[in-house]
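Visitor: Supplied in structure tokens, the structure appears directly below.
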Amino acid sequence: MNVGKKLSLSLLALLLLLPMLSFSGFRGAEAASSAGNGDNAKTVIGVSVATLWKLPGQTRAIDAPSLTSPVDMASWTKAMNTTEKRRWLTGRTETQALYGQEVKVLQTKGNWSRVAVTDQATAKNVQGYPGWLPTVQLRTVPAEDWTAQSGSAAVVSAKTANLYKTDGRTKRLELSFGTRLPVVAEKGKWVEVRTAQYGNSLLRAEDVKIVEAGSPERQPSGAQLVETGKAFLGLPYLWAGTSAYGFDCSGFTGAIYRYSGILLPRDASEQARAGKAVAKANLKPGDLMFFAHNNGRGSVHHVAMYIGDGKMMHSPKAGKTVEILPISTPGYANEFAGARRYLND
């Protein structure tokens, strides 16, 4: 074959490949954008509750409802109908994040992204609590539209609340207690909010509280914190849980405080170093009590909320539910390692 003919065929092959290369490049840029953190955009959780894993892809068949977009948290938690199935999550899941919570993307690997939940403080990462989740559960939003300073926020006060299309009839998602979304308008029995991927949507006014822009949230009383927590009595424990579908011990205490605008570190061991120390004899409702190995002298492994009258409320372990019990209960009394107060006296 002569040189001219070879060049002609090579040029033809290149021309045929160009559209494919351009398309591939566009898809790659689009995928990166969907999980990126540009100056004018934020990456947020795009499912009702995202579960962050220690490693990507190491899940069970029964975990499938928690790995999709949207997720089905009720089906997932119902499928974990034995203590063993729930205990399996220990050390494999890290934390959870609610719809609309901001994250920073740290790494991508296949269909998974490692992110940091920015409002869950931890010594593990300065950007927030880290873990892996399916990338399909992330969305990007304009930064100026997704900040507490730009407008009021609707905070879900019910255990769960349905998010509707603007027709007020068609359900989009079931959101967890504590979910925060920017308010567009208050319309009688409805609150119109911004969403990450659905456009403006509606929440029932009875299911949310409104936090006004530009003004700090009023500090709750200890009694109010206790009443918030009591709504979850009987809820089964979930390792790494931070939602109304299941809490771990520090996820429970953190969610109660976060609902009232007070952010605690994510883990019990770090909650035990925040706030200010308080003597056991001076405990007030809302104070947190910590428990440690080696009869209270080792590392902190558990947290509970003092509720008054010598009792505490906590989410104890797999196979148990959120409960109230005396602080003198054996197994806890001997492991007491101190208490902290986060409210101003």
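The values are calculated or read from the model by the stated rules, or taken from the named source; none is laboratory data. What you see is a predicted model, and the numbers here were worked out from it, not measured in a lab. Cβ coordinates were reconstructed from backbone atoms using ideal geometry, including for glycine residues, and neighbour counts include every protein chain displayed.
Visitor: Could you tell me which residue of the stretch 43-68 is surrounded by the most Cβ atoms within 10 Å (Cβ to Cβ), considering only residues that are charged (D, E, K, R) and either modelled with pLDDT under 95 or assigned to a loop (DSSP other than H, G, I, E, B) (or both)?
Guide: My answer is K54.
Visitor: If you check every pair at least six apart or on different chains, which have Cβ atoms under 9 Å apart with a residue in the stretch 230-245 that is closer than 15 Å to V303 by Cβ first and a residue that is assigned to a strand (DSSP E or B) and acidic (D, E) second?
Guide: Qualifying pairs under 9 Å: A240/E94.
Visitor: Could you grab me the full set of residues in the stretch 290-312 that are in a strand (DSSP E or B) and surrounded by fewer than 19 Cβ atoms within 10 Å (Cβ to Cβ)?
Guide: Within the stretch 290-312, H301, G308, K311 qualify.
Visitor: Mind listing whichever residues of the stretch 315-338 are in a strand (DSSP E or B), touching a helix residue (DSSP H, G or I) at 6+ places or on another chain (Cβ under 9 Å) and on the phi < 0 side of the Ramachandran plot?
Guide: I324, P326, F336, A337
Visitor: Further, regarding this structure: What is the number of the single condition among (1) free of Cβ contacts under 8 Å to residues at least 24 places away in the same chain; (2) closer than 22 Å to P65 by Cβ that K124 does not meet?
Guide: That leaves (2) as the condition not met.
Visitor: Within the stretch 313-326, can one find any residue that is under 17 Å from S221 (Cα atoms), surrounded by fewer than 21 Cβ atoms within 10 Å (Cβ to Cβ) and either of a type outside the set (A, V, I, L, M, F, W, C) or touching a Cys at 6+ places or on another chain (Cβ under 6 Å) (or both)? Full working, then the answer.
Guide: Here is the first cut: in the stretch 313-326, the residues under 17 Å from S221 (Cα atoms) are 313.
Then keep just the ones that are surrounded by fewer than 21 Cβ atoms within 10 Å (Cβ to Cβ); that gives none.
No, every residue in the stretch 313-326 fails to be under 17 Å from S221 (Cα atoms), surrounded by fewer than 21 Cβ atoms within 10 Å (Cβ to Cβ) and either of a type outside the set (A, V, I, L, M, F, W, C) or touching a Cys at 6+ places or on another chain (Cβ under 6 Å) (or both).
Visitor: Now, a different point. Considering every residue within the stretch 219-241, establish whether at least one is more than 16 Å from F177 (Cα to Cα) and among the acidic types (D, E).
Guide: Checked the stretch 219-241: no residue is more than 16 Å from F177 (Cα to Cα) and among the acidic types (D, E).
Visitor: State yes or no: is E192 farther than 25 Å from S75 by Cα and assigned to a loop (DSSP other than H, G, I, E, B)?
Guide: So E192 does not fit the description; no.
One line per residue, one yes/no per condition, for (1) more than 27 Å from A74 (Cβ to Cβ); (2) at pLDDT 95 or above:
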site: A205; (1), (2): no, yes
site: K209; (1), (2): no, yes
site: E217; (1), (2): yes, no
site: T242; (1), (2): no, yes
site: V278; (1), (2): yes, yes
site: F290; (1), (2): yes, yes
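Visitor: Please count how many residues of the stretch 165-189 are closer than 18 Å to A74 by Cβ and not in a strand (DSSP E or B).
Guide: 3
Every residue, every condition in (1) free of Cβ contacts under 8 Å to residues at least 40 places away in the same chain; (2) within 20 Å of G151 (Cβ to Cβ); (3) not assigned by TED's automatic domain parsing to the domain that holds V136, yes or no:
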{"residue": "R169", "(1), (2), (3)": "yes, no, yes"}
{"residue": "L173", "(1), (2), (3)": "no, no, yes"}
{"residue": "S176", "(1), (2), (3)": "no, no, yes"}
{"residue": "V184", "(1), (2), (3)": "yes, yes, yes"}
{"residue": "R194", "(1), (2), (3)": "no, yes, yes"}
{"residue": "E206", "(1), (2), (3)": "no, no, yes"}
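Visitor: Given the criterion hydrophobic (A, V, I, L, M, F, W, C), crowded, with 17+ Cβ neighbours inside 10 Å and either modelled with pLDDT of 95 or more or in the same structural domain as V322 (by TED's automatic domain parsing) (or both), identify the matching residue among L233, L238, L263.
Guide: L238
Visitor: Suppose we keep only residues that are among the basic types (K, R) and under 21 Å from T253 (Cα atoms) within the stretch 115-170. Which one would you say is farthest from the chain's Cα centre (by Cα)? Quick ask: steps written out before the conclusion?
Guide: Filtering the stretch 115-170 for residues among the basic types (K, R) gives 124, 139, 159, 165, 169.
Those left that are additionally under 21 Å from T253 (Cα atoms): 124, 159.
Numbers: K124: 16, K159: 14 Å.
So, considering only residues that are among the basic types (K, R) and under 21 Å from T253 (Cα atoms), the one farthest from the chain's Cα centre (by Cα) is K124.
Visitor: Scan the stretch 274-296 for residues that are free of Cβ contacts under 8 Å to residues at least 24 places away in the same chain and in contact with a Ser or Thr (Cβ under 6 Å, 6 or more places away or on another chain) and jot them down.
Guide: Initial filter on the stretch 274-296 (free of Cβ contacts under 8 Å to residues at least 24 places away in the same chain): 281-282, 294.
Within the stretch 274-296, no residue meets the criteria.
Visitor: Same structure, new question: How about the stretch 103-164: which strands (runs of 3 or more DSSP E) wholly inside it have at least 2 residues that are among the aliphatic types (A, V, I, L, M) and within 28 Å of A231 (Cα to Cα)?
Guide: Correct list: 153-156, 160-164.
Visitor: I'd like the residue in the stretch 213-230 that is under 23 Å from L343 (Cβ atoms) and among the aliphatic types (A, V, I, L, M) and, out of all such residues, is surrounded by the most Cβ atoms within 10 Å (Cβ to Cβ).
Guide: Restricting to residues being under 23 Å from L343 (Cβ atoms) and among the aliphatic types (A, V, I, L, M), the top hit is L225.
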